[in-house]
Amino acid sequence: MAAAIAARRRGLNVTVADHSVPPIDKACGEGIMPDGLAAALHLGIRIDDSAGYPFRGIRFSESGLSVDASFPGSSGLGIRRTVLHRLLIEHATALGVHLAWGTDVTAIGTPVHARWIIGADGAQSRVRQWANLEASTRHSVRFGFRRHYRMAPWSEYMEIHWSPRGQLYITPVSPDELCVVLISSDPQYRLEAALPQFPEVAAQLAPPPGPEVSAAELRSRAACVRSIAGTWP
Ligand SMILES: Cc1cc2nc3c(=O)[nH]c(=O)nc-3n(C[C@H](O)[C@H](O)[C@H](O)COP(=O)(O)OP(=O)(O)OC[C@H]3O[C@@H](n4cnc5c(N)ncnc54)[C@H](O)[C@@H]3O)c2cc1C
């Protein structure tokens, strides 16, 4: 959506094709760093604190010890992914971006002629394969499980709690909601089972949690970076 907005602001006719249909949700820590907010503003998108919940920095905790640091300038923002997506859609629509939801992009479907194609199609990008830019075989997979808890944030920080088997990311996303994500290399290791490994967190989390959403995070190394001559964008 950001790429579409940037292209449209340069005067291009833009179509976004996505096989999902809004509101598009997925497992995510739901924290935007200050640079991300600045990048949005650069695209003309002001994301007010009221859209989510600001955090002043990052705190790492393990075995009763913790260290934190505040961002040097403005805050980050915890925000529900669906809320951010809605804001981007509203902005793109106002600019005249054509949005084709529920449209699967394939190599054998109806041809679409375009001067530029941006493959912002996620970690398993088909466009990257078609462009022969597929990553090398060196990669690792981590699994993320996310739940929302209906309770007031206890910290001004986005917190990352460490344990031998995984990490817990805690982001305030509204004055009465927390996003909690477990990330580990074990697909069987789920939030409920992991919480006893994080007693300081477990003691504070209020039941009942919302539904669990999962995602695989593929870390891969690009085979190469290609620069294409030209002045766009
Ligand atoms: C557990 C977890 C926690 C995270 N936490 C954070 C965080 O706190 N803050 C942060 O900034 N980032 C976080 N991230 C990373 C963030 O989610 C990704 O960087 C971001 O979603 C990448 O955006 P994208 O547009 O490239 O891909 P995606 O968000 O994956 O979007 C790709 C889109 O392409 C569509 N698509 C795919 N293939 C096709 C096709 N063939 N035809 C049509 N449509 C197609 C999909 O429907 C999808 O909507 C997290 C990731 C994980 C896994």
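Each value in this text was obtained by applying a stated rule to the coordinates, not by laboratory testing. The shown structure was predicted, so the numbers you read here are calculated from the model rather than taken from an experiment. A quick note on method: Cβ atoms are made from the backbone with ideal geometry, for glycine too, and the neighbour counts reach across all protein chains shown.
For the chain, modelled as a GNM with alpha-carbon contacts under 10 angstrom, which of Ile117, Ile79, Ile32 fluctuates the most?
Looking only at Ile117, Ile79, Ile32, the biggest GNM fluctuation is shown by Ile117.
Nearest 10 degrees is fine. How inclined is helix 81-95 to the longest principal axis of the chain, computing both from alpha carbons?
Value to nearest ten degrees: 30.
State the percent of C-alpha pairs, over all pairs in the chain, separated by a distance greater than 33 angstrom.
Percent of Cα pairs beyond 33 Å in the chain: 25.
Given the options Gly52, Ser63, Thr106, identify the residue whose Cα lies farthest towards the positive end of the charge dipole of the range 47-164 (+1 on Cβ of Lys, Arg; -1 on Cβ of Asp, Glu).
Thr106
How much of the calculated P(r) for the range 10-147 lies past 27 Å, in percent of all Cα pairs?
Values: 3631 of 9453 pairs.
That fraction is 38 percent.
Normalised by the empirical 2.2 N^0.38 Å for globular proteins, what value does the Cα Rg of the range 85-180 take? The partial results should precede the final answer.
Details: Rg = 19.5 Å, N = 96, 2.2 N^0.38 = 12.5 Å.
In units of the globular-protein estimate, the range 85-180 measures up at 1.56.
Would you look at the GNM of the chain, springs on alpha carbons closer than 10 Å, and say which of Phe143, Phe55, Phe71 moves the most?
Greatest mean-square fluctuation among the candidates belongs to Phe71.
Just Ala38, Ala107, Ala152 to compare: in a GNM of the chain, with alpha carbon springs under 10 Å, which one fluctuates most?
Maximum fluctuation in the GNM of the chain, among the listed residues, is at Ala107.
What residues have an amide H closer than 5 Å to that of Glu177, excluding those fewer than 5 places away on the same chain, when H is modeled at 1.01 Å from N in the peptide plane?
Result for Glu177 returns Met151.
How far apart, in nanometres, would the label points at Trp116 and Leu95 be if each is projected 7 angstrom from Cα along the Cα-to-Cβ direction?
Using points 7 Å along Cα→Cβ, the separation is 1.1 nm.
Once Lys and Arg get +1 and Asp and Glu get -1 on their Cβ, which of Gly144, Pro172, Gln124 lies farthest toward the positive end of the dipole of the chain?
Checking the options against the dipole of the chain, the answer is Gln124.
Just to check I understand the Karplus step: with θ = phi - 60° and J = 6.51 cos²θ - 1.76 cosθ + 1.60, what whole-Hz values come out for the range 126-134, glycine and proline as x?
For the range 126-134, the Karplus curve yields 6, 4, 4, 5, 4, 7, 6, 10, 4 Hz.
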